[in-house]
1. Looking at A9 and the list (1) surrounded by 13 or more Cβ atoms within 10 Å (Cβ to Cβ); (2) touching a residue at least 24 places away in the same chain (Cβ under 8 Å); (3) in a helix (DSSP H, G or I), which single condition is not satisfied?
2. Within the bounds of the stretch 15-26, is there any residue that is out of contact with any strand residue (DSSP E or B) (no Cβ under 8 Å at 6 or more places or on another chain), aromatic (F, W, Y) and touching a residue at least 12 places away in the same chain (Cβ under 8 Å)?
3. From the list F58, F28, pick out the single residue that is within 12 Å of the chain's Cα centre (by Cα), at pLDDT below 95 and surrounded by 17 or more Cβ atoms within 10 Å (Cβ to Cβ).
4. Taking only the stretch 45-55 into account, find how many residues are assigned to a loop (DSSP other than H, G, I, E, B) and either modelled with pLDDT under 95 or within 9 Å of the chain's Cα centre (by Cα) (or both).
5. Considering every residue within the stretch 85-95, establish whether at least one is at pLDDT 95 or above, among the polar types (S, T, N, Q) and not in a helix (DSSP H, G or I).
6. Restricting attention to the stretch 34-44, report how many residues are more than 9 Å from the chain's Cα centre (by Cα) and either under 17 Å from F83 (Cα atoms) or assigned to a strand (DSSP E or B) (or both).
Amino acid sequence: MLEVLSFLAALRDVHPDMARWGLHGGCFRVYLVLKQRFPDAQAWYDSCHVVTKIGDFFYDIRGQVEPVSETGKPYMLMDPLVFNRAYSWEVTPGMR
C-alpha cells in the first residue's frame, strides 16, 4: 500500500493540475498509469468515477479511498468492454 501511495504522490507532483485532472475526466487514465506500474490493478466504477483496486485497497489520484463512492454507490468492477468509451472521457469544460 505504501508503494502505491508514494507512486500517486509522485504522479500528483508531475503538474499542479494533476489532482484536479484525475478527478475531472482523467480518472480512467490514472487507472491506466497505475496498471502499468501495478499489473494486478483493476478498474472499478460507480457511473461517475473510476477508482483502481490494487490488492485489497482502492485508490484514485488522491490516494486510498473507500470502496463506496461519494454518491453512496458501491464501486463495481469495470467491464473491459466499457474501456473504449472511457478512453474518450475528457476533462470537464472549465477544468483545464
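The values are calculated or read from the model by the stated rules, or taken from the named source; none is laboratory data. Note that this is a predicted model, so its numbers are computed, not measured. Glycine gets a Cβ as well: all are built from the backbone with ideal geometry, and neighbour counts include every protein chain shown.
1. (1)
2. Checked the stretch 15-26: at least one residue is out of contact with any strand residue (DSSP E or B) (no Cβ under 8 Å at 6 or more places or on another chain), aromatic (F, W, Y) and touching a residue at least 12 places away in the same chain (Cβ under 8 Å).
3. Values: F58 fails: at pLDDT below 95.
Result of the check over F58, F28: F28.
4. 4
5. If we filter the stretch 85-95 for residues that are at pLDDT 95 or above, which is where we start, we get none.
Within the stretch 85-95, not a single residue is at pLDDT 95 or above, among the polar types (S, T, N, Q) and not in a helix (DSSP H, G or I).
6. As a first pass, look at the stretch 34-44 and keep what is more than 9 Å from the chain's Cα centre (by Cα): 35-42.
When the remaining residues are screened for being either under 17 Å from F83 (Cα atoms) or assigned to a strand (DSSP E or B) (or both), the result is 35-36, 39-42.
So the count comes out to 6.
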